[in-house]
1. Can you say whether residue 329 is touching a residue at least 40 places away in the same chain (Cβ under 8 Å), buried (at least 19 other Cβ atoms within 10 Å of the Cβ) and either at negative phi or within 21 Å of the chain's Cα centre (by Cα) (or both), as far as the supplied structure shows?
2. What's the number of the condition residue 101 fails, among (1) surrounded by fewer than 19 Cβ atoms within 10 Å (Cβ to Cβ); (2) closer than 21 Å to residue 2 by Cα; (3) within 26 Å of the chain's Cα centre (by Cα)?
3. Take region 152-176 and flag every residue that is under 24 Å from residue 109 (Cα atoms), assigned to a loop (DSSP other than H, G, I, E, B) and touching a helix residue (DSSP H, G or I) at 6+ places or on another chain (Cβ under 8 Å).
4. Condition check: part of a helix (DSSP H, G or I) and either touching a helix residue (DSSP H, G or I) at 6+ places or on another chain (Cβ under 9 Å) or surrounded by 17 or more Cβ atoms within 10 Å (Cβ to Cβ) (or both). Does residue 114 satisfy that?
5. Give region 143-196 a look and list any residue that's in contact with a strand residue (DSSP E or B) (Cβ under 7 Å, 6 or more places away or on another chain) and without any contact (Cβ under 8 Å) to a residue 12 or more places away in the chain, or say none.
6. Of all residues in region 11-69, which are under 16 Å from residue 84 (Cβ atoms), outside any helix (DSSP H, G or I) and touching a strand residue (DSSP E or B) at 6+ places or on another chain (Cβ under 7 Å)?
7. Among 225, 221, 203, which is the only one that is in the same structural domain as residue 169 (by TED's automatic domain parsing), buried (at least 20 other Cβ atoms within 10 Å of the Cβ) and over 12 Å from the mean Cα position of the chain (by Cα)?
8. For residue 317, indicate whether it is under 15 Å from residue 196 (Cα atoms) and in contact with a helix residue (DSSP H, G or I) (Cβ under 8 Å, 6 or more places away or on another chain).
């Protein structure tokens, strides 16, 4: 029996990841601290991973430790040997090293800023030190280097976030303003839900190479799995599994002019891909209780846009959905960020003369449509990951979207 030991594991991706590595079963073992002694003594468990907050406990329960585990002082992979003893390793080291290299992070002679002083910070610091970092600064809330005096470290070359700040469900939070760091070569965040934290969205906007924690998660899982099954899987497997998991996680976000077919294509995508369809306009109606034309008429556009932002923020936190947006939803940056954090954005581009205008409060006639399009087209094109020409046949448009994604 294999699996993952932790305290709160409801959002773990480990079972999905390990399903790609072999035919063994992989379970989630949620345990309270007082249950750990019995757990580590259970000889029916062949091997397992360990996550927060039990990596140090695992270290203390193991009879034999790898050199990496000794160096870091924690264990995330436990193997029960034939003689019944427990062997502990730390594959997070390999995972973070792989993540760093895949993003092009070169620590040699660089100043590295590590946000957070917990267990993950120890792994990051160890890798950075082994790779020749000139200076490693660990930032905590109350230590000598804290979030109130970061200005003295604005010469950092690499920043790594090891804290949970910005993680689901507290999407959008961040600890630092990257705009103050003028020498940054790379930004890494160990969080993988959302796919892009506020921290990484800032890096993307500034053109700084960046990566989230999914690469590390998959890489460390592969190295653990190799020990589980005593078989080399090869590093190329990491990229394959990473891409597969990312596609499962990311939303497909449809944007474009009112009446371009987002809802229709969204329904077809939902049926073909077996994913839930979420429509921002439908969520607004559900929350407010009135049809959109009535909201516009009674309250005005600014009020509607406020409702829209709340709907977008809620929907944007979810994973693996089809999201159909209102035509003007992407005109606000906070909405774009909420959709981009977990989404691949598809712009459905349709000939203006063919747009459906019924029930569209702002698209009353062709002149109004033309003005709206001119005001929005640059944002649509810049925000989209892919642009898809809308066919009169919705099935063809749907296939075009699927080709972009997969």
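The values are calculated or read from the model by the stated rules, or taken from the named source; none is laboratory data. All values reported here derive from a predicted model rather than from experimental measurement. No Cβ is skipped: glycine too gets one built from the backbone with ideal geometry, and neighbour counts run over all protein chains shown.
1. Taking the combined requirement at face value, the residue satisfies it.
2. Unmet condition: (2).
3. Once the filter is applied, which keeps residues that are under 24 Å from residue 109 (Cα atoms), assigned to a loop (DSSP other than H, G, I, E, B) and touching a helix residue (DSSP H, G or I) at 6+ places or on another chain (Cβ under 8 Å), region 152-176 yields 154, 162, 176.
4. Criteria not met by residue 114.
5. Within region 143-196, 145, 146 qualify.
6. The answer is 43, 45, 46, 47, 48, 62, 63, 64.
7. 203
8. The answer is yes for residue 317.
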